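To keep things clear, I will list the structure first and then write my remarks on it.
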Amino acid sequence: MRLFAILSPVLGAFALAACSMSGDTQATKEAPMVSPLLTSADAKDPYSYAQPEVARVTHVALDLALDFENENISGTAELDILAADDADTLILDTMGLEISSVTDGENQDLPFELGAEKDGMGAPLRVTIGDKRHIVIAYKSGPDAKALQWLSPEQTAGGKHPYLLSQGQPTLNRTWIPTQDSPGIRQTWEATITAPEPLAVVMSGLSGGDPVSAGKGRRAFSFSMDKPVAPYLIAIAAGDIIFQELGPRSGVWTESVMLEKAAAELVDTEKMIDAAEALYGEYRWGRYDMIVLPPSFPYGGMENPVMTFLTPTFIAGDRSLTGLVAHELAHSWSGNLVTNANWSDSWLNEGTTSYFENRIIESLYGKKRASQERALNFAGMEETIAEKGSDAAITALHLTGDDASPEGGASGVIYDKGAAFLHTVEAIAGREKFDIWLTSWFDRHAFEPATSAMFLADMRENLVKGDKELEAALLLDEWVYQPGLPANALRPDPAAFAEVDKAAEAYAASRRVDNGLWKNWTSAERLRLLSKLPQELPDDELARLDSDFGLSASGNNEILFAWLKLALQNRYEPAVPLAEKFLGTVGRRKFVSPLFETLVEQGRWGKPIAKRIYEQTRGGYHAVTTGTVDEIMLGGD
């Protein structure tokens, strides 16, 4: 059977038996779901110290206290272990954790050793478990836990209370949870978290109900995730936040002063869930709640199960940027339900999700918006491939070498080439057949890790089905394993931006764009125009564009970012104060890094500006953002 084919021979019988634990685990406790472990060479994760084929974590139970004064998390992590009979050592991933003790289920000390630190990976924690299959680790997060961002009251919208948020993907959760931090080692989990009143805590698991008093002005919150997930999907946030229901299974958390705008922007969430289910089957996580975080959050969104984390920069007032929400929702199938086994196949998460996102947008908002957003992404992919080189290994979907690192790859490939691949397969095979196959892929591999090889094998077995003509037309291996863009790529419909492209061409002669056109254009059309204008413009033309279209006053952060990038690359001095304000209030890496890079590229004009702004803003960014910008600033010296 298939499970035996992909499971380690040592662990397969245990997994199929739903993890029969040794005697030190309570016999009355219901055994959690256990996912299969892939042991093929292409599924191994070189960025984890774990040896899951010997001993693996299947369940994590956290009992932690949030300390805002000292900016740390402390408590215990209880781990359930599935191991070979003769295994006596468990290896975990840690980064900066202060380990106090490791005990078994009977409170007996177990020997442990923290190995040498390795840049980007942290240190292995080796625990001598003997025949024990349940351990308790007492620990505290270190002062530089990169997953965690502690915000002062002044950095929040409300301005009265501190805030905590986490970002674990790709390998940062080892800075606050001692576990096997690899996407292919899925785990169930539960947590009890205490925090000072009046702060509320949310996590990427189902809530256990209202908080209870924990004494000394603190409250305890409980959560559980009974479905095995990749460990990077365990997330936490705490602050002066409140909740508003959006539908029977959806709602939003955020600070009270942001709630009305956030809820209005997210009004279509329940419809999105319905549309996603109509496309690719049941939503299997129960609730779909979201939290709109402070603007320092480094990503647009993070697909944490049952609690999507969102940047406030998607709030435009007209729901024109809610493709972000569709993307994070789609991850509930591609990425959360079926997860790349390691980071060489990140496209399985992001490319499939980007395709799925576009199908949700088409279902809710029509083909015009979907085709325009696809065209923008396709153009971004072409730009990336041109920049990297069409023969560069980084432009293949399946990554190798240093490109396969957790932070490797290029979004124009992982997201956009991955989506282009699936749009092409859909067009050649036919939408009806493709949708049936993709739904069945999610069903067959629900709550499991996957690789590119598995994906293609499944496609050949259940979509191609031996049709040699179809196989030849799809160029499957070329798409996944070769660099560049295959010749059969389905290109966007030129009509999607025909009017905009005509206006951009006319600009070369008239140096004007009809303001009436701009006012009637969608967000995607406006972004297209800004990308198609001459990229070298004098001050007077930049001033006129800003005056005609109100670019500096745009409430759409994508448009504002595109304008600032265009202005800064032309050394447009009037844009500098706005850029400084923008970089001082937004921490989203997608916006922050390119603007600093643009400034640095301007040499003697831009480097001093970049340095001055970064000295002021760096402390407000998450480690994910500073990690990228630090390299940009160093590279500019």
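The values are calculated or read from the model by the stated rules, or taken from the named source; none is laboratory data. Since we're looking at a predicted model, the values are computed, not measured. Quick reminder, even Gly has a Cβ in these numbers, built from the backbone with ideal geometry, and neighbours come from all protein chains shown. What goes into the accessible areas is simple: the full protein's heavy atoms, side chains included, and nothing from ligands, DNA or RNA. Shrake-Rupley method; radii C 1.70, N 1.55, O 1.52, S 1.80 Å.
Taking the helices alone, the chain has a mean residue ellipticity at 222 nm of -11500 deg cm²/dmol, built from -39,500 (n - 2.57) per DSSP H run of at least 4 residues and averaged over all its residues. Here the chain is scanned for GluC sites (Glu not before Pro) in DSSP loops (not H, G, I, E, B) that have at most 11 other Cβ atoms within 10 Å, and the longest stretch holding none of them is 107-535. Residues whose amide H falls under 5 Å from that of residue 204, counting only those 5 or more places apart or on a different chain, are 235, with hydrogens built in the peptide plane. Taking a quarter of the surface of the Cα convex hull of the stretch 485-577 gives a mean projected area of 7.1 nm². Note the direction-averaged projected area, equal to a quarter of the hull surface, for the Cα convex hull of the chain, in nm². Projected over every direction and averaged, the Cα hull of the chain covers 28.2 nm².
Per residue, how much accessible area does the chain show when a 1.4 Å probe rolls over the protein heavy atoms, in square angstrom? Here the per-residue accessible area is 40 Å². For the chain, the fraction of 1.4 Å probe accessible surface lying on carbon and sulfur atoms is 50 percent.
Put simply, the C-alpha atoms of the stretch 161-318 give a gyration tensor, and the ellipsoid matching it has half-axes of 23, 21, 16 Å, longest first.
Computed on protein heavy atoms with a 1.4 Å probe, the accessible areas place 134, 161 in the order 161, 134, largest first.
Please compute the contact order of the chain in relative form: average sequence separation of alpha-carbon pairs under 8 Å and at least six residues apart, divided by the residue count, as a percent. Across the chain, relative contact order equals 11 percent. Between helix 576-585 and the chain there is an angle of about 20 degrees, using the helix long axis and the longest principal axis of the Cα atoms.
Restricted to Cα atoms, the stretch 132-243 shows a radius of gyration and a Dmax of 14.7, 48 angstrom. Close amide H partners of residue 230, meaning residues 5 or more places away or on another chain with modelled amide H under 5 Å apart, are 187.
Among the listed pairs 118/611; 44/140; 271/367; 118/590, a Cα-Cα separation exceeding 19 Å is found for 118/611; 44/140; 118/590. Of the chymotrypsin sites (Phe, Trp or Tyr not before Pro) found in the stretch 551-593, none is in coil by DSSP with at most 15 other Cβ atoms within 10 Å of its Cβ.
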